Amino acid sequence: MENNLENFGSSAHEEAKTINSGDPSVREEKVDVKREEEAEKKVVNSEDLDKRDEEPQEEEKKEEPKEEEKKEELKEEEKKEEPKQEEENKEEPKQEEEKEEPKQEEKKEEPKEEENKEETKEEEKEEPKEEEKKEEETEKTEETDETEETPIVPATPPSLEKVSEDIDQFLMILHENNEAKENKNTTLEIPNCIRIFLYLVEEKMVKYDSNEVKWGEKTEEDAVFLECVSRISKLMKHFFDYYEAHQQEEEREDDKKKVKGKTDFMINGIGVIQQRVMSFLEEEFRLLMEEPRNQHKQDAKGKQHVAESSESEPPAETVIEYPGYTEETITNLSNIAKAMIEGGYENECCQVYAISRRHAFEDAMHHILGYDKISIDEVQRMPWESLEREIPTWINTWKECTSVWFPGEKRLAASVLAEVANTATSLYGILSRGILIPLLNFAESIAMTKRAGEKLFKLLDMYEALRDVVPNMDILFPNEIVSEMKAETTSAKCRLGEAAVLIFCDLENSIKSETGKTPVAGGAVHPLTRYIMNYLRLACEYKDTLEEVFKEHSKIERADSTSRPRYSDDGNKPKNPNNNNNNNSNKQKEDESPFAAQLMRVMELLDSNLEGKAKLYREVALSCIFMMNNGRYIVQKIKGSAEIYDVMGETWCRKRSTELRTYHKNYQVETWSKILSYLSPKGLSDNGKVPKPVLKERFKSFNAAFEEIHKTQSLWVVSDEQLQSELRVSISALVIPAYRSFLGRFSQYLDPGRQTEKYIKYQAEDVENYIDELFDGNPHGRR
């Protein structure tokens, strides 16, 4: 059996040479040469053995006869030393065989003269042995002669299909023996079909390497090749299992060495082919994995070319189904992954998968969604105008990843790596975590920027995007990372919510800080009123979100306040019987929306600020116009927004309308009460006579006062058309009837002609027309 192992490698290489030559005559000549060389080798071995037998006989003749007892002792000592010498003699050729085996795999042909020299050297080192040793060696040489004389492969190599059937049958027998636990008693028999099979697989590899056959073009060819890879993996596993099993069971050292020699050679031979095959599959796997990434680059170049060629025509949007693999490609990837995993190359397969998908995901985020990763430091240095443009892109990327891309990646990993479901889940978890954490870092860095009122709505948009994903995370992410992802997302959401609460509460400070001493011209709406009301109207579009944010913030504040120790002036003080009422009021406050309460505080601060600014006007009538303008603007904004109206309530609106009517009455009193006093009949009918000087003075005072009011209040501003119309109508209803009555009653007492024209400048219609020119903010001269 040892000589069988020695000649195993050379016979395999001779077989490859015979197959490659393809000429039957050449193969027959090589076989004849081989037989002649082995015959010479036998002659040399027999001559050496005869010489070694003659040398001890000559020494025995020279020695003097000795006693029989001494001979028996010497024989016993020689018998004791013989096993040791045999072990040493066996170890030396074995070591040299192990060194020569890798060289035999690398080189297809070796000079046979060097093999003969090495064998003669090994035989010269051996010490003379007894007749039993000679018989064993002659039996072994006879066995090697018989094996070498039999042809290893036929003249024409069989087809791969036929050899594959033989391999499958061989593997089936091995499987049955293993199940029956018969491998302990069986010896390792290596059929010739294994050597032929490896050679044919190598030939197929050459076709793939030379691009004679391209992967993916012929599905049947690829399937046959993958089946061959599977058989190689099974053979490799069998020889490993056989080696481990017999290494533990063989008690004798020489038997272990025999098993090691046989298995090592086959493992090395199959291993070389397997390594080459797996390297090829790994490269094909990587190329298939990178198909969507290459497609994104081509699409980007195509879009750029279209944009340059026709800027006027917008490019048609193409819908890309994520992750961008066809069913055929996924099947191909799954088959390759299965072959690699079965062959023990799971780590290499998973590494290629993880790297390819990470790069493809990031490229897709850039080319499809337009998102570029921004670090926390970069966010802190960027101006808000730039960040404001980045936030919508971030929101879109977040929604797309969590709703479409992550589920797509989960399905892809489960399909490609179906053989190792746990590994597929783990790889998906690593990928999704690597994408999600930088997105959350961007959200937290936005929350850390300097607070400003204009940032509120972008922060709330980001808050809503994070909030909507949290409930689906149990389905979206693997169990290993779902808790971490929930915690990270919730933390970023809370930071955004806290920043939004602080920004909204800063409205109070912005109102308090508005202490300008310059009144608004014409009593128009103050810019602070416009800013606050527009801000509140937009904020109330996020009413539900703001209420949620304020409730979370108030819970945190209550938790902080309850954690602080409370001290009373007297610990033994009896309980107040009104505590129940206090508890009820506290409960009502807790039930009240914190956002609504904050909104009420903002409105109260705005009212008090406007009242202070109204006092800056010297004319009370103008301050009333100012309060009416701002009050009407506030009421109209609240009624125009259902969200803010729901928060403020009907009661508040009715109260504000009542205040507006009060300002209206005060304006009429301050402006038109003196005019009406000039039109009063009191003091003009004394004993049925109308004193002309008094009457003339009345007309003259009315004319002067009315002209002054028209001149002044036509410059005042009432921007709300409805309020403007209400004011004009109310003034006309107050002044025109009184003036028409006064004119009809007392105009007859004035002399017609020049005197009448001097004191009666306006008819009732003229007064009404002049009233209609009030509050439009434009100066009007006399007509």
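The values are calculated or read from the model by the stated rules, or taken from the named source; none is laboratory data. All values reported here derive from a predicted model rather than from experimental measurement. Please note: Cβ atoms are built from the backbone with ideal geometry, for glycine as well, and neighbour counts cover all protein chains shown. Calculation scope for accessible area: heavy atoms of the full protein, side chains included, ligands and nucleic acids excluded. Shrake-Rupley method; radii C 1.70, N 1.55, O 1.52, S 1.80 Å.
Structure above, values below:
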| quantity | calculated |
| --- | --- |
| Mean separation of Cα contacts under 8 Å (6+ apart) over length of the range 388-492, as relative contact order % | 35 percent |
| Computed P(r) (all Cα pairs; the range 447-514; 10 Å bins; percent) | 20, 40, 23, 12, 4, 0 |
| Cα-based convex hull, the range 354-482, per residue volume (Å³, whole number) | 103 Å³ |
| FRET efficiency for residue 275 and residue 328, using Cβ-Cβ distance with R0 set to 25 Å, rounded to 0.05 | 0.35 |
| Gain on full stretching of the segment that runs from residue 386 to residue 692 - 0.36 nm per residue minus C-alpha separation | 102.4 nm |
| Formal net charge of residues neighbouring residue 604 (Cβ-Cβ distance under 14 Å; K, R +1; D, E -1) | 0 |
| Under 11 Å, Cβ to Cβ, from residue 623 - net charge with Lys/Arg +1 and Asp/Glu -1 | 0 |
| Cross-link pairs 458/639; 373/450; 512/711 - those with Cα-Cα distance over 28 Å | 512/711 |
| Per residue solvent-accessible surface (Å²) - the range 653-692, probe of 1.4 Å | 64 Å² |
| Förster-model FRET efficiency, 45 Å R0, residue 537 and residue 751, C-beta, rounded to 0.05 | 0.10 |
| Two-decimal log10 I(q)/I(0) for the range 488-527, as the Debye equation yields it once each C-alpha is a single scatterer, q = 0.28 Å⁻¹ | -0.91 |
| Residue 517-residue 376 FRET efficiency (beta carbon distance; Förster radius 60 Å; 0.05 resolution) | 0.90 |
| Residue 491-residue 673 pseudo-label distance in nm [points 7 Å out on the Cα-to-Cβ vector] | 6.8 nm |
| Percent accessible area from carbon and sulfur atoms, the range 407-491, protein chains only, probe 1.4 Å | 51 percent |
| Alpha carbon convex hull of the range 703-783, projected area averaged over orientations, nm² | 5.4 nm² |
| Whole-percent pair-distance distribution, where bins are 5 Å wide, for the alpha carbons of the range 598-735 | 2, 8, 16, 18, 15, 12, 9, 7, 5, 4, 3, 2, 1, 0 |
| Three principal axis lengths of the range 641-693 [C-alpha, angstrom, descending] | 66, 16, 12 |
| Relative contact order (%) - the range 656-783, alpha-carbon pairs under 8 angstrom, separation at least six | 37 percent |
| Theoretical gain in end-to-end length, residue 766 to residue 657 [0.36 nm per residue, Cα-Cα removed] | 36.0 nm |
| Cβ-defined net charge surrounding residue 758, 12 Å radius [Lys, Arg +1; Asp, Glu -1] | +2 |
